[in-house]
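Notes follow once the structure below has been shown.
The values are calculated or read from the model by the stated rules, or taken from the named source; none is laboratory data. Just so it is clear, the structure is predicted and the values come from calculations on it, not from any experiment. Cβ placement follows ideal geometry from the backbone for every residue including glycine, while neighbour counts extend to all protein chains displayed. Areas reflect the complete protein model, heavy atoms only, side chains present, ligands, DNA and RNA absent. Shrake-Rupley method; radii C 1.70, N 1.55, O 1.52, S 1.80 Å.
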Amino acid sequence: MEPLYKPEGVEERWQRAWEEEGHYAADPDPARRPYVIALPPPNVTGELHMGHALNGTLQDVLIRWHRMRGFNCLWQPGYDHAGIATQNVVEKELAKEGKTRHDLGREAFEERVWQWLETYGRVIMHQFRRLGCSLDYRRERFTMDEGYVRAVMRFFVHLYKRGLVYRDNRIVNWCPRCASALSDLEVEHLEVEDTVYTVRYPLADGSGFVPVATVRLPTMLGDVAVAVHPDDDRYRGLVGKEAIVPAAERRVPIIADARVDREFGTGAVKITPGHDPLDFEIGREHGLPELTVIALDGRMSGEAGEYAGLSQEEAQARIAEALARQGLLERAEPYRHAVGHCERCGTRIEPLITLQWWVEMEELARPAIEAVRQGRVRFWPARFNRVYLDWMESIRPWCISRQLWWGHRIPVWYCACGAEIVSETEPDRCQACGDPELRREEDVLDTWFSSALWPLATLGWPDETEDLAYFYPGDVSSTAREIIFLWEARMIMAGLEIRGEVPFRHVIIHSTVLAPDGRRMSKSLGTGIDPLELVERYGADATRYGLLKMSSAQDVRFSEGAIEEGRRLANKLWNVSRLILANAGEALPQARPQALEERWILARLDRARAEVEEALESFELARATSVLYHLTFDDFCDWYAEAIKPRLYAGDADARATALFALERLLLLLHPFLPHVSEEVWSHLPARERRLIVSPWPEPDDRFAAEGDALERVKEAATIFRRSGVRVPLDGEELRIFEAVVRPQRLRVDGKVEVECERLRKEIERCQRLLANESFLRKAPPEVVAAERAKLARYQREREALGCADGPPTSG
RNA sequence: GGGCGCGUAGCUCAGCGGGAGAGCGCCCGCUUCACACGCGGGAGGUCGCUGGUUCGAUCCCAGCCGCGCCCACCA
């Protein structure tokens, strides 16, 4: 064993061994309790980034911990086909050849995507392996593989039969560049500079005009009404009358609707059901026509009259000019507001009326709301329960059809007779008229529609498999917070709808790792840091440790120091193991912890065990790492290892046996966090019958619980001695440990007795002041008072030992 | 517009009602036979600001100032 721990080689060796020996594999086994986590399936085209690495490590710690506790652990790997994202990647590839997907045609394009994936996709699972993630790689699934497609079709048909899926002509978020509809969650609101125009709409009876404010002049060509608030005195007389939309020369009614904000603009609003979501709603309720003046490509449509074919900017300029000429343009001023943009390509969203497939969400949401309210699913940290509930309680219909080529094609066939056949498999003829000529729906499903089924479909659903019966429902789902609605909420809804059971009991929302400068980590900004590069430089254990340390807050700036700390911990463990192993001897008696430092370290190990368990149970992994760091460095190395050295060197059999026993316990606690070093060290321990990865997590051991603070006096004495050169009297085992640890021959004494005395004087003064305060004595809890008294006594003892002169009783 | 989170040592962050902490960095001393990816010691904080509650507040409450995130149909 070399003095410097080198993770290269060691880690890959263990990763291979663990996987080949089948320790990652999970199969139904009624004799054991299952523990299940489904890895959020990364995009097939993706590569491991910091978020994946953090999330993977987190889940791996939980999986490894439960594996050691005897659970039958299934950690499910796989990929998401990622509709738009993947299609874009391959389209860019095509663009290099000067082609578009339309040059290939649908089938050839799909073939091309599969080819691309064959060559360049599916690399992340290898990267997860390199991080030490103990996923059951045999079970890798893809949202587009055969069985999974059946699950998606089954769910769609199921919802259709329940009346929760329907096709409707409604206003949607349309991305003119992607040429597809988007769900509300795929729209990102960004601040933009616009102009707000105040336009005079003449009244049809010639009695004047009504001023209307708008930022989208071109859409006035599609106006079908003017609305005012029913209680707005300014316009009360106008309701029921008609106005003329200037550029369109159309007579439209003036209606009253409470959704109009009297405070905003002029208090009168133009109603354009074809191009504004609120107007659309108002329009439907008032039975207004729906005119479309903007086409799917974002330009003015044929119905825009003389403006047809123009871009919106051109139309806006021309209309503004015309209005000004007619004296109908009252004002035009700059206006800053948030406008929806396509999350994928950044193009401004065009609200348009198109024929799309929808899921009615309220009925699905109801049981999913109950599940969280009742705590059958819990979010960690707990505040995300509220976030989830707020969204779910005001949920709106979900637009699930996408005008893309890459994805699950919607299982609906149309017949010339007008029939609409919804079927899991392709029907051979029309059920209504018998016509064999059927046309399949062109649209594919939103990627997240299939993701919602991940916990179920990966276990074999729609088939009633053994896996499904044994592993469903699972235990934990861990994700970043931006995915709570897109994925977590929908998995919960789908699970409840299909099985009547939540898919997991805990949802962990982990932190976002930011670049060191506080910006988002992003490839395009050049702020990304490659976790695999960290693995190369520091080792997987160190990288895991650093990531866990950064997992606590909501946002954490990446700090390489955290990874370095992990590397130092691994190295420390390695070296203290060398010390113990080099002195352990061969045949070993049963450990009989007797010496004070032995009882003490076993108490500390058990206390740490309890703290780690507590932290893991509430998913506070950063806290757990901190406990283990201090256990290893402070307790195990700085005190215990130093204390036993003389006995170890002297060949004390008890010291050796107990040291091995204590080291073993330390390795067990460390394994979920630093699996590779700990397994490597474990393999050097004499007479191992099994791998650390499958060794049982330590049972509580309170034999020495009372000894947890046994070294306090020695520690204090050592501190005082090192600072001042003065020896606080100790005897027996305490003295023995003191001498083993302080090495007086090396000590440089700077004569700091006075400084030490002064420090103690101040502490004593503080205690005395507190203990003289009657309110404190009356109201503070007794244990607090007792603790203060104990401190006072201790400080006074120390002062005496140091031989401090009685300082002047300083007042104030 | 609504909601949430954060502001603690030079840096990255813990702590969240009774002595201000860790790691890195910095200074001093150590080639101590496990480890210089080490050991020991030290310097360095009006715990964003202002009020309030309390015997006592970094910690609880209110307001304010900065930073960030999520949600959102005021044209």
*For the modelled label position 7 Å from the Cα of A:Met1 along Cα-to-Cβ, which residues of the stretch A:560-590 have backbone nitrogen atoms closer than 18 Å?*
A:567-589
*A:Ala793 paired with A:Ala419, simple spin-label distance in nm, labels 7 Å along Cα-to-beta-carbon*: 9.3 nm
*Over chain A, relative contact order from alpha-carbon pairs under 8 Å, at least 6 apart, %*: 13 percent
*Calculate how steeply helix A:540-549 sits against the longest principal axis of the alpha-carbon atoms of chain A, using the helix alpha-carbon long axis, and give the answer as 0 to 90 degrees to the nearest 10.*
80 degrees
*Phi-based couplings in Hz for the stretch A:658-669 (Karplus 6.51, -1.76, 1.60; Gly and Pro marked x)*: 5, 4, 5, 4, 5, 4, 4, 5, 4, 4, 4, 5
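Kirkwood Rh, Cα Rg: Rg to Rh for the stretch A:237-315?
A ratio of 0.99.
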*State the answer as a single residue: which of A:Ala419, A:Leu667, A:Val387 lies farthest towards the positive end of the charge dipole of chain A, with beta carbon charges of +1 for Lys and Arg and -1 for Asp and Glu, about the Cα centre.*
A:Leu667
*Cα centroid separation, the stretch A:170-208 to the stretch A:260-276 (Å)*: 11 Å
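All other residues with a Cβ under 14 Å from the Cβ of A:Arg13 taken together, and with Lys, Arg as +1 and Asp, Glu as -1, what is their net charge?
On the way: positive: A:Lys6, A:Arg16, A:Arg129, A:Arg130, A:Arg691; negative: A:Glu8, A:Glu11, A:Glu12, A:Glu19, A:Glu20, A:Glu21, A:Asp541, A:Glu679, A:Glu680.
Charge balance in the 14 Å sphere: -4.
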_Can you compute the modelled spin-label distance between A:Glu689 and A:Glu93, with each label point 7 Å from Cα toward Cβ, in nm?_
5.2 nm
*asked:* How much of the pair distance distribution for chain A lies past 33 Å, counting alpha-carbon pairs only, in percent?
replied: 65 percent
*Give the long-range amide H neighbours of A:Glu330: residues separated by 5 or more places, or on another chain, with amide H under 5 Å away, using H modelled in the peptide plane at 1.01 Å from N.*
A:Thr198, A:Val199, A:Arg200
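How much length would be gained if the chain were fully extended between A:Lys645 and A:Ala705, taking 0.36 nm per residue of separation minus their Cα-Cα distance, in nm to one decimal? Show your work: numbers first, answer last.
Numbers: separation 60, 0.36 × 60 = 21.60 nm, distance 2.35 nm.
So the chain would gain 19.2 nm between A:Lys645 and A:Ala705.
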*Excluding same-chain residues fewer than 8 positions from A:Lys6, which lysines have a Cα within less than 17 Å of its Cα?*
A:Lys572
*asked:* Between A:Arg722 and A:Ala308, what is the label-point separation in nm under the 7 Å Cα-to-beta-carbon projection?
replied: 8.8 nm
*Projected onto the charge dipole of chain A (+1 at Lys/Arg Cβ, -1 at Asp/Glu Cβ, origin at the Cα centre), which of A:Tyr148, A:Leu221, A:Val293 gives the Cα projection farthest towards the positive end?*
A:Tyr148
*In order through the stretch A:83-89: 3J(HN,Hα) via Karplus (6.51 cos²θ - 1.76 cosθ + 1.60), integer Hz, x for Gly, Pro*: x, 4, 4, 5, 4, 4, 4
*Helix A:312-325 sits at what angle to the longest principal axis of chain A, using alpha carbons and giving 0 to 90 degrees rounded to 10?*
50 degrees
*asked:* Multiplying the sequence separation of A:Ala786 and A:Arg383 by 0.36 nm and subtracting their Cα-Cα distance, what value in nm do you get?
replied: 141.4 nm
*With the dipole of chain A worked out from charges on the C-beta (+1 for Lys and Arg, -1 for Asp and Glu) around the Cα centre, which of A:Thr347, A:Ile529, A:Ala432 lies farthest toward the positive end?*
A:Ile529
_Share of Cα-Cα pairs in the stretch A:172-245 lying beyond 18 Å, as whole percent_ = 57 percent
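Percent of accessible area on chain A owned by carbon and sulfur, 1.4 Å probe?
Details: 17320 of 35850 Å².
In chain A, the share of accessible area belonging to carbon and sulfur is 48 percent.
Magnitude of the Cβ-charge dipole of the stretch A:273-329, K/R +1 and D/E -1, about the Cα centre, nearest 20 debye? Walk me through the numbers on the way to the answer.
On the way: 4 positive and 11 negative charges, 40 e Å.
With Lys and Arg at +1 and Asp and Glu at -1, about 200 debye.
For chain A, what is the accessible area per residue in Å², given a 1.4 Å probe and the full set of protein chains? Working shown, then result.
Numbers: 35850 Å² over 812 residues.
About 44 Å² of surface per residue is accessible.
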*Specify the inter-centroid distance of the stretch A:295-326 and the stretch A:65-131, based on alpha-carbon positions, in whole Å.*
42 Å
*Can you give the translational diffusion coefficient of the stretch A:132-230 in µm²/s, computed by Stokes-Einstein from the Kirkwood radius over Cα pairs at 10 °C and 1.306 mPa s?*
80 µm²/s
*Beyond 21 Å, what share of the Cα-Cα pairs of the stretch A:406-504 remains, rounded to the nearest whole percent?*
49 percent
*In straight Cα distance, which lysines are under 28 Å from A:Lys96, not counting same-chain residues fewer than 8 positions off?*
A:Lys523
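Explain nothing, just the number: dipole magnitude of the stretch A:406-556 about its Cα centre with +1 on each Lys and Arg Cβ and -1 on each Asp and Glu Cβ, in debye rounded to the nearest 20.
Values: 14 positive and 25 negative charges, 169 e Å.
Using Cβ point charges on Lys, Arg, Asp and Glu, the stretch A:406-556 gives about 820 debye.
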*Only Lys, Arg (+1) and Asp, Glu (-1) charged, at Cβ; chain A dipole about Cα centre in debye*: 2200 debye
*Give me the lysines in straight-line cross-link reach of A:Lys762: C-alpha distance below 18 Å, same-chain residues under 8 apart excluded.*
A:Lys752, A:Lys791
